[in-house]
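Okay, so here's the structure we're looking at.
The values are calculated or read from the model by the stated rules, or taken from the named source; none is laboratory data. Keep in mind it's a predicted model, so treat the numbers as computed, not measured. All Cβ positions, glycine included, derive from the backbone under ideal geometry; neighbour counts span all protein chains shown. We work out accessible area using only protein heavy atoms, side chains counted, and drop any ligands, DNA or RNA first. Shrake-Rupley method; radii C 1.70, N 1.55, O 1.52, S 1.80 Å.
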Amino acid sequence: MLNITELLDIPPFSLEQQGKDKYLLEILTGLTQHHQQGCYQYSKILSALGLDQTYFTSTEQIPFIPVRLFKDYELMSVNESEIVKTMTSSGTSGQKVSKIFLDKSTSTLQTKVLSKIVASFIGKKRLPMLIIDSPSILKDRKLFSARGAGILGFSIFGHDATYAMDEHMNLNMDQLQQFIQKHQNTPILMFGFTYMVWQHFYKPLKENGIRLPIENGILIHGGGWKKLASEEVSNEIFKQNLFEVSGIKNIFNYYGMVEQTGSIYMECENGHLHSSIYSDILIRDFKDFSILEPGKQGIIQLISVLPQSYPGHSILTEDIGEIVGKDNCKCGRKGTYFRVIGRIEKAEIRGCSDTYALT
């Protein structure tokens, strides 16, 4: 049976769901036992559920915890002395933030898996990188928000990293145009959180009648759809409008959260979000949390083999989605593919990228 390290030698979208389920079950069972032994609060939760003995016959049986628990408790499964990095969700004013504690092995594994997933979309070659954000976001690299973590994580795919905004989130046009001119004959990697790209990149360009020649750009973006939905901006409108002000055709949305950093779900050429061999998605009924079949909308549960220093391997999100299919997307990638519908009504707005405060 495969272990986590051996997975790094396998292309991230190469296994069909049936084969993937077998090794996920073994790894997730082991992680459940590890967190039960190492995290007091998690052990108490399993006891309350009557799961003192952790034996499961399917990934659907792996116990999940609500994502909001990370806002209320400091959950870790290793000694505090082993923690090298603490990530937080960038909560809006008055909101609690999630705290995710990483030891060295978990942090390293996250970086390796993120690299595998993204490289399967854009290639292994490092590209000139344009970050659609402000350098002010990286204030404390030991304790930083999901925006900062995202920038640092995706920076491994780029070189000559340049920020499109200044400290006040205004477009730095001189620097932006110099960067584009310098790399006009090579592909450019662009990264930013969805709302930041729309609010602080697209809108200023549109309002000032500026069209940047970035036809060679590859934009990766995620998060912040809650605010864009209130402006009636769909994924299709987002892509079309970005094309109009920049000429960018290669735009990839991704779904993910700070509680499972590294286990991102990239959007393929056909507009579907894909689970890799390192993670998966289940859809549960709103009333009884039973598993729903593809095509039915429910609460998204995310499972990942990456969280080792904290019990985040199986979490129930506050997002609504549906599985579109398995193993048969026209893009050729195997595994589960899905779409996210929105947020559960009255759920707290996630702060990891919905807010554009710089802290």
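Does the range 33-43 contain at least one residue that is open to solvent by 30 Å² or more (accessible area, probe 1.4 Å), assigned to a helix (DSSP H, G or I), of a type outside the set (V, I, T) and within 23 Å of K112 (Cβ to Cβ)?
Yes, some residue in the range 33-43 is open to solvent by 30 Å² or more (accessible area, probe 1.4 Å), assigned to a helix (DSSP H, G or I), of a type outside the set (V, I, T) and within 23 Å of K112 (Cβ to Cβ).
Take I27 and decide whether it is closer than 27 Å to I344 by Cα and buried (at least 16 other Cβ atoms within 10 Å of the Cβ).
No, not satisfied.
Quick check: is even one residue across the range 227-234 among the hydroxyl-bearing types (S, T, Y), touching a helix residue (DSSP H, G or I) at 6+ places or on another chain (Cβ under 8 Å) and farther than 25 Å from R333 by Cβ?
No, the range 227-234 contains no residue that is among the hydroxyl-bearing types (S, T, Y), touching a helix residue (DSSP H, G or I) at 6+ places or on another chain (Cβ under 8 Å) and farther than 25 Å from R333 by Cβ.
Which of the following residues is at pLDDT below 90 and more than 21 Å from S279 (Cα to Cα): V97, V78?
Result: V97 is the single residue among V97, V78 that is at pLDDT below 90 and more than 21 Å from S279 (Cα to Cα).
Any chance the range 124-143 includes a residue that's open to solvent by 30 Å² or more (accessible area, probe 1.4 Å) and at pLDDT 90 or above?
yes
Which of the numbered conditions does F243 fail, given that it passes all the others? Conditions: (1) at pLDDT 95 or above; (2) under 28 Å from F101 (Cα atoms).
(2)
Test each condition in (1) closer than 20 Å to N253 by Cβ; (2) at pLDDT 95 or above; (3) out of contact with any Lys or Arg (no Cβ under 9 Å at 6 or more places or on another chain) for I341 and report the one that comes out false.
The failed condition is (2).
Sort out which residues of the range 243-263 are in contact with a Gly (Cβ under 8 Å, 6 or more places away or on another chain) and open to solvent by 10 Å² or more (accessible area, probe 1.4 Å), and write them in order of number.
If the condition is that a residue be in contact with a Gly (Cβ under 8 Å, 6 or more places away or on another chain) and open to solvent by 10 Å² or more (accessible area, probe 1.4 Å), then N250, N253, Y254, Y255, G256, T261 are the ones that fit.
What about P311, is it in a loop (DSSP other than H, G, I, E, B), open to solvent by less than 10 Å² (accessible area, probe 1.4 Å) and over 23 Å from P11 (Cβ atoms)?
So P311 passes the test.
Of the numbered conditions (1) within 22 Å of L31 (Cα to Cα); (2) part of a loop (DSSP other than H, G, I, E, B); (3) at pLDDT 95 or above, K296 fails exactly one; give the number of that condition.
K296 satisfies all of (1) within 22 Å of L31 (Cα to Cα); (2) part of a loop (DSSP other than H, G, I, E, B); (3) at pLDDT 95 or above except (1).
For the range 82-102, indicate whether the set of residues that are over 15 Å from S309 (Cβ atoms), open to solvent by 20 Å² or more (accessible area, probe 1.4 Å), without any contact (Cβ under 8 Å) to a residue 40 or more places away in the chain and in a helix (DSSP H, G or I) is non-empty.
no
Just checking, how many residues over the range 151-190 are under 30 Å from M87 (Cα atoms), touching a residue at least 40 places away in the same chain (Cβ under 8 Å) and β-branched (V, I, T)?
The number of residues fulfilling the criteria is 3.
Applying the selection to the range 44-68, what residues are charged (D, E, K, R), farther than 23 Å from S98 by Cβ and part of a helix (DSSP H, G or I)?
The answer is E60, and nothing else.
Determine whether S275 is of a type in the set (S, T, Y), within 12 Å of the chain's Cα centre (by Cα) and at pLDDT below 95.
So S275 does not fit the description; no.
Please determine, by comparing only the residues of the range 190-233 that are open to solvent by less than 10 Å² (accessible area, probe 1.4 Å) and among the β-branched types (V, I, T), which one is farthest from I137 (Cα to Cα).
Only one residue fits best here, namely I214.
Filter the range 276-298 down to the residues that are of a type outside the set (D, E, K, R) and within 26 Å of S120 (Cβ to Cβ), then identify the one that is surrounded by the fewest Cβ atoms within 10 Å (Cβ to Cβ).
For the range 276-298, the residue satisfying everything is P294.
Just the residues that are in a loop (DSSP other than H, G, I, E, B) and open to solvent by 30 Å² or more (accessible area, probe 1.4 Å), please, taken from the range 314-332.
D327, N328, K330, C331, G332 - these are the residues of the range 314-332 that are in a loop (DSSP other than H, G, I, E, B) and open to solvent by 30 Å² or more (accessible area, probe 1.4 Å).
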